[in-house]
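This report refers to the structure that appears directly beneath it.
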Amino acid sequence: MKSWKKYLLLFTSVVLLQLTGFYVLEDYLSPQTESENFSAIAVAKTSTPIEEHLQPPDTALLYDIDSKGKTMAVFNNHSQVVITNQKHQTLGVFDLEGTKYLQWMDQGKTLFYLADHWGKYTFGVYKVAEKTLVPLYDLTSGYDIRIEQLFKSSYSQSINFLYTQDGQLTLGFYESIFGFKSYTLYGIEPEKTTFDEKQNILTIQDKSGEVYHFQNGHPVTTTTP
């Protein structure tokens with residue numbers, strides 16, 4: 001064999017040996033493989049269980065869950081309202097003695113409440129992000145007040161709600177600039193209630209079939225069957 005062929009064979013052997021050594025060293029020093037990393041991340045994500053359906057505790061006197069089922073407000077026997085999510089995280093806690101009504105006005109951001117303090121009824125909201133309790137208005141005291149239905153208009157930033165005051169059905173309307181106004185619904189027994197959020201019109205059809213429309217807390221039209 002010629003001498004140049006011997007040198008070529010020797011050179012090729014040395015290169016192969018070096019490449020094998022580099023591969024083994026890289027494999028030893030390299031971090032976890034991509035599949036191992038994905039596995040570790042998946043375990044971390046599922047370490048905090050998410051409840052498919054929120055359930056109020058046994059101590060709940062009142063509760064409401066937002067329309068997407070992700071946030072729950074509970075009034076307990078310690079006169080506290082506790083707000084939690086599906087991950088069992090506490091989003092807010094505040095004292096509110098005499099709470100009579102709770103309802104989410106949006107997706108877990110703003111909670112409406114009605115509270116009775118020795119016959120003085122106050123309604124307001126709790127803003128979850130700001131952790132702020134905002135009383136809005138004190139209703140007439142000395143009456144038994146119960147809220148039947150509540151509607152919020154995101155366009156006009158107003159609240160419409162039907163409530164009974166000492167047994168008499170009344171429409172309440174609150175708007176941040178003009179405050180609160182009420183309209184007594186004498187003789188109306190609602191069968192169906194709808195709300196046009198954009199026009200801020202509440203429509204009530206009573207049991208006789210008569211239809212009433214209210215805008216900004218005032219009657220606008222009545223349709224007789």
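The table below lists the values:
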| quantity | calculated |
| --- | --- |
| Residues within the stretch 147-189 that are among the small types (G, A, S), at pLDDT below 95 and closer than 18 Å to D116 by Cα, tallied | 1 |
| Subset of the stretch 116-133 [among the polar types (S, T, N, Q) and either part of a loop (DSSP other than H, G, I, E, B) or over 18 Å from F161 (Cα atoms) (or both)] | T132 |
| Members of the stretch 188-204 found to be open to solvent by 70 Å² or more (accessible area, probe 1.4 Å) and over 27 Å from the mean Cα position of the chain (by Cα), listed by number | E189, E191 |
| Residues of the stretch 116-149 that turn out to be over 25 Å from the mean Cα position of the chain (by Cα) and either surrounded by fewer than 13 Cβ atoms within 10 Å (Cβ to Cβ) or among the polar types (S, T, N, Q) (or both), as a count | 7 |
| Strands (runs of 3 or more DSSP E) enclosed by the stretch 45-115 - at least 3 residues per element that are within 21 Å of A129 (Cβ to Cβ) and either open to solvent by 30 Å² or more (accessible area, probe 1.4 Å) or aliphatic (A, V, I, L, M) (or both) | 60-65, 71-76, 80-85, 90-95 |
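The values are calculated or read from the model by the stated rules, or taken from the named source; none is laboratory data. Here the structure is a predicted model, which means the values were calculated and not measured. Ideal geometry is used to build each Cβ from the backbone, glycine not excepted, and the neighbour counts take in all protein chains shown. Note: accessible area is taken over every heavy atom of the protein model, side chains too, but ligands, DNA and RNA are not part of it. Shrake-Rupley method; radii C 1.70, N 1.55, O 1.52, S 1.80 Å.
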